[in-house]
1. Does Asp474 fit the bill of being loosely packed, with under 15 Cβ neighbours inside 10 Å and closer than 30 Å to Phe601 by Cα?
2. Say whether the condition of being touching a residue at least 24 places away in the same chain (Cβ under 8 Å), in a helix (DSSP H, G or I) and among the β-branched types (Val, Ile, Thr) is met by at least one residue in region 361-378.
3. Within region 243-264, can you find the residues that are touching a helix residue (DSSP H, G or I) at 6+ places or on another chain (Cβ under 6 Å) and either hydrophobic (A, V, I, L, M, F, W, C) or part of a loop (DSSP other than H, G, I, E, B) (or both)?
4. Looking at region 430-481, which of its residues are among the hydrophobic types (A, V, I, L, M, F, W, C) and either under 19 Å from Thr250 (Cα atoms) or more than 10 Å from the chain's Cα centre (by Cα) (or both)?
5. If you check Lys69, Lys107, which single one turns out to be touching a residue at least 12 places away in the same chain (Cβ under 8 Å) and touching a Pro at 6+ places or on another chain (Cβ under 6 Å)?
6. Within region 376-400, take every residue that is crowded, with 17+ Cβ neighbours inside 10 Å and of a type in the set (Val, Ile, Thr) and give me the one that is nearest to Val419 (Cα to Cα).
7. Filtering region 658-711 down to residues that are in a helix (DSSP H, G or I) and charged (D, E, K, R), which residue is farthest from Pro603 (Cα to Cα)?
8. Tally up the residues in region 508-532 that are closer than 30 Å to Gln138 by Cβ and over 21 Å from the mean Cα position of the chain (by Cα), please.
Amino acid sequence: MNKSNLVIVESPAKAKTIEKFLGKDYKVMSSFGHIRDLPKKNLGIDKDNNYEPTYEISPDKKKIITELKKIAKQSDDVWLASDEDREGEAIAWHLCHALGLDPKTTKRIVFHEITKPAIEKAVTNPRNVDIDLVNAQQARRVLDRLVGYELSPVLWRKVATGLSAGRVQSVAVRLIVDKEKEVNDHSSNKSFKVISTFAKGGEEFETKLDTELEDEQTVKDFFESIKSAESRVTKVEKKEGKRNPSAPFTTSTLQQEAGNRLGYSVKQTMTLAQRLYESGHITYMRTDSTNLSGEAIAKITSYIEKNLGKEYIKVRQYKTKNQNAQEAHEAIRPTDINNQNPASDESQNKLYKLIWQRAVASQMSEATLDRTKVTILPSGSKYSFVAEGETLKFDGFLAISGRGKDDVILPEMKEGDKVDRVLSEAKESYTKAPARYTEPSLVKKLEELGIGRPSTYAPTISTIQARGYVEKGDIEGTKQQILTIALDSSGNIKESKEEATLGQEKNKLIPTHLATMVNDFLEKHFDMVVDYNFTAKSEEQFDLIAEGKEKWQDMIGDFYKKFHPLVESSASISRQETSQAKLIGMDPKNKKPIYARFGRFGPMLQRGDTEDKSIKPDFAPMPAGKTIDSVTLDEALVMFQLPRLLGKTNDGEEVKANIGRFGPYIQIGKKFISIKPRDPFSITLEEALTLNAEKAKEASKKIIKEFKGGVSVLKGPYGPYVTDGKKNAPVPKSTDPETLDEQKALDILQNYTPKPRRKRFKK
């Protein structure tokens, strides 16, 4: 009788690939990721019992658990083959508990790549579930739950509904907000950059002045001083330079490079990398190690020797800068170095090419170059011109990675040589503001600060955009006339102007006013949550827990003792304190101040002060596409023209146009009708009445029966229902709605109990 084995992985794609490598005695099934988690309806953490978490099986996983249990009972051995990181270890541990397996004896296997040799090796070297790694994951999950579960409701009550806060996401938002403040505080300074073309022996070459000139007059004075001057070479420096290849990819560096080179978002990069891994084309893509195995290096160097030659080989073993990196793991690399186009998907292949090039280049010789620097001094000048040239002698790893830039070859020159000035141009320039973050540069910054882990960057960046804290977009910049002053070879000085766009940026992460408001609130009242050092220290503590050097409950306890009192004291914070009303001007008619502020449902306009209790302020919606920081007084005054009276119906009911939470609408009596995408400022009475008639006609088609007492039987999107205008009740499936009389309809209403609305957070 053949021995039966059940192998459980977390991904169906991974299961299909592995099943190819194992014989008929092995059945490979997927858990479809995590099968247990903290409950959604309550905290799920016993704060009085050493922060013991309560896990429950996800509703959508109950069926798969039933199937796995059935097959596990029929199997001689169960093998847990989830990913080799902490998250994968936790999945294995949860599977043990859900399936009734003993974590201390159940076979746990890990592998860095999904290839037949790797899988076979893993099966011959099983281990048990590593509880230290599990505890590190538990610590992160519990800490994040405590922060989110207790802090988010504070934001709901004091700022706006629907907001969220998180240990990593709030710090990421702070980075983006702080950068925006740097940009706004930047004061641009003007100067002139001077570029001159010289000639030697008929060969022209370009130089740069070794300093920038302050203003127009300084440029003209300088040009006057050199227009008849003799220019000679004062210094020639020649030296050999080298360029070294970069280390193989970690998760973070792959996210950065894919963003910069291919324009991929962090989320897109991780999705594509996951597919490449599950298909067996690359090694595990969640790693902070730059290490390559001896076997991998041998295969790479063999490829280099065969295709390029021995002189291109230089074996390197990189060490990551992160002292907590798990060097036992490998960097991201191809599983088959001879395969350069493994995927059918073009996007996957582009990412694969980056990984392939980086891995191969890491074991190649450095590129050698001849670098030349020439200094030229016009007679009588205190400023020098500098020319730099570069010639590639041996391409080394650039044969794989690409050269990047063309050679700049200067004519042969020595000290004392006379050169002829051909043209000099001074172009007006302005100091640039600090660059806003892109997704790749934010990832780089998070890694530098030790905030989060590369595997968390993608969901973090997605979350802060989904929550409305950050928008990804382009900065248009401003148009400006740029002055150029030119000095030709005949000594003529000419001026010209051309329009240029300054401050233009693409694909930047831009904070919304909401982000600034929430960040200021957190910095003032919950500074420990958005403190860079606290978040980085938490990651170090997770590492210590993973190594068995610290108890996770102790870490959580130390945090909660400091954090919870801040939550309790937040009850005294007034909502008005967080609204951050911005005065945008005075109403010229009534002299009332007009503010742009954040209300319960988002940005809004307010006319009048709340401090004056005798006169209530009035409110208006924010113009479409405008923010608290960008709306002008004129734009605000237009919005206070709403609601706009269009006229009256034949029955004498007023018809008004306005903008509400859900967009523009008309109101006729107590009836509200959406007019999207029409403009409430331009819609006519005739158009409004026509729209009302159309809506009434549509509504009549929904009527099955109407009774004198105000009760109706209507057609709804989910089937027929009874309504009295206040309460709705579905008609039972066993009942024909056409047969209902008034009493039966009333009975359905009276006997129906609506399901209670789900509360997201405990108060």
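The values are calculated or read from the model by the stated rules, or taken from the named source; none is laboratory data. Because the structure is predicted, anything quoted here is derived from the model rather than measured. Because the Cβ atoms are built from the backbone with ideal geometry, glycine has one as well, and the counts that use them run over all protein chains shown.
1. Details: loosely packed, with under 15 Cβ neighbours inside 10 Å: yes; closer than 30 Å to Phe601 by Cα: yes.
In short, yes.
2. No: zero hits.
3. Selection gives Pro245, Pro248, Phe249, Ala258, Leu262, Tyr264.
4. Of region 430-481, the ones among the hydrophobic types (A, V, I, L, M, F, W, C) are 433, 435, 442-443, 446, 449, 451, 458, 461, 464, 466, 470, 475.
Residues satisfying the conditions are Ala433, Ala435, Leu442, Val443, Leu446, Leu449, Ile451, Ala458, Ile461, Ile475.
5. Numbers: Lys69 fails: touching a Pro at 6+ places or on another chain (Cβ under 6 Å).
Answer to the selection: Lys107.
6. Ile376
7. Quick first cut of region 658-711, residues in a helix (DSSP H, G or I) only: 685-702.
With the extra rule that they be charged (D, E, K, R), the set shrinks to 686-687, 694-695, 697-698, 701-702.
Working: Glu686: 32, Glu687: 29, Glu694: 33, Lys695: 30, Lys697: 36, Glu698: 34, Lys701: 38, Lys702: 37 Å.
Taking the candidates together, the pick is Lys701.
8. Of the residues in that region, 6 qualify.
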